[in-house]
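The values are calculated or read from the model by the stated rules, or taken from the named source; none is laboratory data. In this text, all values refer to a predicted model and were calculated from it rather than measured experimentally. Neighbour counts run over all protein chains shown; Cβ positions are idealised from the backbone, glycine included. Surface areas here come from the heavy atoms of the whole protein model, side chains and all, with no ligands, DNA or RNA. Shrake-Rupley method; radii C 1.70, N 1.55, O 1.52, S 1.80 Å.
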Amino acid sequence: MNRAKFFSQLRAPSCTMFGGRLTPGQVVGMEGILDGFAVTGDGRDKTLAYGLATARREVGINMVPVREGFKTSDASARAYVAKHYPNKSYSKPKPPHGFVYYGRGYVQLTHDTNYAGAGILDNPDKALEPEFAAELMFKGLLDGRWNGKRKGLAFYLPSNGKDDLKGARRTVNITDYWDEIAVYYRQFLAAIKGAA
């Protein structure tokens, strides 16, 4: 894919999700997603488009990994989860490192077991690095680890067949916001195809 063309497509008037312009920060965030896809993706345009669309919904228009509650520091994120999710296990410090495993990244990785599975139990803020956050996101989207059914994107978005965009949302989080993500998916897919 020609990345310059890809970003040009995202700045086009027909691509409404960025209002016809991109900031350097948005480009850096999406470069991280493209790089992460090159490492853990499956090479399919549909998977890349859905990952980008998922990030657009989960982290907002800035397209960079975030802490839960869009907080800018560990201390403020800890305070946020302690206040809003006092009964959730991920809102409390965990041994042996004393970290709080609140949501971080493009898809808000939570719980110490998920951080351990990602190999970052001792460095949870690594989930805020764009390329690494994208690698985690694509692994989950592809193998269905977050939906309890182990059905990944290829099940919902087959290479040959009709896309089930509502079902595809289950690769991350039930079916909330699936229709919003579907709009982003179509725009990203068009940009990817236009940059081929």
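Of the numbered conditions (1) at pLDDT below 95; (2) in contact with an Asp or Glu (Cβ under 7 Å, 6 or more places away or on another chain), Ser89 fails exactly one; give the number of that condition.
Looking at each condition in turn, Ser89 falls short on (2).
Tell me, please, whether a residue that is open to solvent by 40 Å² or more (accessible area, probe 1.4 Å) and either touching a Ser or Thr at 6+ places or on another chain (Cβ under 9 Å) or not in a strand (DSSP E or B) (or both) can be found in segment 47-56.
no
Could you tell me whether segment 12-19 includes any residue that is of a type in the set (Phe, Trp, Tyr), surrounded by 14 or more Cβ atoms within 10 Å (Cβ to Cβ), touching a Lys or Arg at 6+ places or on another chain (Cβ under 8 Å) and farther than 19 Å from Ala133 by Cβ?
Yes, segment 12-19 has at least one match.
Would you pick out the residues in segment 88-123 that are assigned to a strand (DSSP E or B) and surrounded by fewer than 19 Cβ atoms within 10 Å (Cβ to Cβ)?
Lys94, the sole residue that qualifies.
For residues that are among the basic types (Lys, Arg) and closer than 13 Å to Leu128 by Cα, scanning just segment 57-77, find the one that is least open to solvent (accessible area, probe 1.4 Å).
Filtering segment 57-77 for residues that are among the basic types (Lys, Arg) and closer than 13 Å to Leu128 by Cα, the one least open to solvent (accessible area, probe 1.4 Å) comes out as Arg67.
Could we say that Gly161 is in a helix (DSSP H, G or I) and surrounded by fewer than 23 Cβ atoms within 10 Å (Cβ to Cβ) here?
It is false that Gly161 is in a helix (DSSP H, G or I) and surrounded by fewer than 23 Cβ atoms within 10 Å (Cβ to Cβ).
Sort out which residues of segment 166-184 are β-branched (Val, Ile, Thr), within 22 Å of Thr110 (Cα to Cα) and surrounded by fewer than 16 Cβ atoms within 10 Å (Cβ to Cβ), and write them in order of number.
Those that are β-branched (Val, Ile, Thr), within 22 Å of Thr110 (Cα to Cα) and surrounded by fewer than 16 Cβ atoms within 10 Å (Cβ to Cβ): Ile174, Thr175.
Pick from Val28, Val39: which is more than 21 Å from Gly144 (Cβ to Cβ), in contact (Cβ under 8 Å) with a residue 40 or more places away in the chain, assigned to a helix (DSSP H, G or I) and touching a helix residue (DSSP H, G or I) at 6+ places or on another chain (Cβ under 8 Å)?
Val28
Can you tell me how many residues in segment 57-87 are touching a helix residue (DSSP H, G or I) at 6+ places or on another chain (Cβ under 7 Å), closer than 19 Å to Met137 by Cα and not in a loop (DSSP other than H, G, I, E, B)?
Qualifying residue count, segment 57-87: 5.
Please find, within segment 132-158, the residue that is modelled with the lowest pLDDT out of those that are among the aromatic types (Phe, Trp, Tyr), open to solvent by 10 Å² or more (accessible area, probe 1.4 Å) and touching a helix residue (DSSP H, G or I) at 6+ places or on another chain (Cβ under 6 Å).
Among those residues, the one meeting the criterion is Trp146.
Under 6 Å between Cβ atoms, at least 6 apart or on separate chains: pull out the pairs that start in segment 130-147 with a residue that is on the phi > 0 side of the Ramachandran plot and end on any residue that is of a type outside the set (Phe, Trp, Tyr).
Matching pairs, first to second residue: Gly144/Arg150; Gly144/Lys151; Gly144/Gly152; Gly144/Thr171.
How about segment 49-69: which of its residues are over 12 Å from Tyr102 (Cβ atoms) and without any contact (Cβ under 8 Å) to a residue 60 or more places away in the chain?
Residues satisfying the conditions are Val59, Gly60, Ile61, Asn62, Met63.
Within segment 100-131, track down each residue that is of a type in the set (S, T, N, Q) and modelled with pLDDT of 95 or more.
Within segment 100-131, just Asn123 meets the criteria.
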